[in-house]
1. I need the full set of residues from region 48-79 which are outside any helix (DSSP H, G or I) and open to solvent by 10 Å² or more (accessible area, probe 1.4 Å), in order please.
2. Only residues in region 215-231 that are aliphatic (A, V, I, L, M) count as the first member; pair them with residues that are loosely packed, with under 14 Cβ neighbours inside 10 Å and part of a loop (DSSP other than H, G, I, E, B), Cβ under 7 angstrom, at least 6 apart or cross-chain, and list the lot.
3. Would you tally the residues in region 179-188 being within 24 Å of GLN22 (Cβ to Cβ) and open to solvent by 80 Å² or more (accessible area, probe 1.4 Å)?
4. Restricting attention to region 25-35, does a residue exist that is closer than 25 Å to LYS220 by Cα, buried (at least 18 other Cβ atoms within 10 Å of the Cβ) and modelled with pLDDT of 85 or more?
5. For the condition under 16 Å from the mean Cα position of the chain (by Cα), within 17 Å of TYR151 (Cβ to Cβ) and free of Cβ contacts under 8 Å to residues at least 40 places away in the same chain, what is the one hit in TYR55, TYR48?
6. Looking at LYS200, LYS224, which is the one that is open to solvent by 40 Å² or more (accessible area, probe 1.4 Å), of a type in the set (Lys, Arg), part of a helix (DSSP H, G or I) and farther than 25 Å from ARG24 by Cα?
Amino acid sequence: MLQLNDLILKKKTKNLIIVIIQARSSSKRFPSKIFKKFYGKPYILNIYKNFKKMYELTIIATTNKKTDNKLIDLLKKNHISYYRGSEKNLVQRFYNCSSLIKKKLKIKDFKIIRVCADMPFINPSMSKKSLKLLSINTDYVGYSKKLLDGYNLETFWYSSLKKLSRLKLSDQEKEHIGPGFINHNFKIKELSKISNRLKKNISLSLDYKNDYKNLKKLEKVVFKKLGNNIYIPYHKMIKIIKEHKLINSFRLL
């Protein structure tokens, strides 16, 4: 089921970029984590707001399970576009969602930014670099494991996603987007050339309850430095972590 804001459909569709934020309530490691509050709101709303500012067509893609009805209620209340689809086959969820948009907007092809809602501080600061790498001759741009975990995003063409959805994929390839592109005959690139890095590979993702405590500590530091600013670019976050010696406060990867 696709619920789009009608105002979006009146906008120009040339060089269209769609942001699809995947989110669900039934995390086995940390159930209902997407409702945890950062800056006084469920952080899924902050993620949406950050991307919506830069990319008009931003959608939350969740599942058809009853456990996500609460999420849908939150999205409806905040007038946020959403799609409901398969829980275990993420590739199919993304493909069905983007196919419905393609049909509504009557366009041939477009770029998709995949965002995972496990990362409370994620924003579009890395998206332009990734989109630049996604040339006509490239199917998919991944995110390097050498970069700070917590700003991860992937970009790919709708036409490439369509090809991927028609392949016989393993369960692991269905549950993610990247492995299918990487394991099969697609032309891929990786977002990796960023000058400012940390010595240790740490995670700013919200996967476990203990992550929440650590990320809330980071939120306090950021608030003292930047005020109620939910948009902290990648390089600025690296600088904050270094200046406040926070590198040992987070889970190592």
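The values are calculated or read from the model by the stated rules, or taken from the named source; none is laboratory data. Here the structure is a predicted model, which is why all the values come from computation and not from measurement. All Cβ positions, even for glycine, are placed from backbone atoms using ideal geometry, and neighbour counts span all protein chains on display. These accessible areas exclude ligands, DNA and RNA; they are computed on the full protein's heavy atoms, side chains included. Shrake-Rupley method; radii C 1.70, N 1.55, O 1.52, S 1.80 Å.
1. Kept after step one, since they are outside any helix (DSSP H, G or I), are these residues of region 48-79: 55-65, 78-79.
Result: TYR55, GLU56, ASN64, LYS65, ASN78, HIS79.
2. none
3. Filtering region 179-188 for residues within 24 Å of GLN22 (Cβ to Cβ) gives 179-184, 186-188.
Within this subset, residues satisfying the condition of being open to solvent by 80 Å² or more (accessible area, probe 1.4 Å) are 182-183, 187.
Counting residues in region 179-188 that are within 24 Å of GLN22 (Cβ to Cβ) and open to solvent by 80 Å² or more (accessible area, probe 1.4 Å) gives 3.
4. First pass over region 25-35, keeping only residues closer than 25 Å to LYS220 by Cα: 29-35.
Imposing the further condition that a residue be buried (at least 18 other Cβ atoms within 10 Å of the Cβ) reduces the set to 33-34.
After this cut, where a residue has to be modelled with pLDDT of 85 or more as well, the list is 33-34.
Yes, there is a match, as at least one residue in region 25-35 is closer than 25 Å to LYS220 by Cα, buried (at least 18 other Cβ atoms within 10 Å of the Cβ) and modelled with pLDDT of 85 or more.
5. Going through TYR55, TYR48 in turn, the sole match is TYR48.
6. On the way: LYS200 fails: part of a helix (DSSP H, G or I).
Unique residue meeting the criteria: LYS224.
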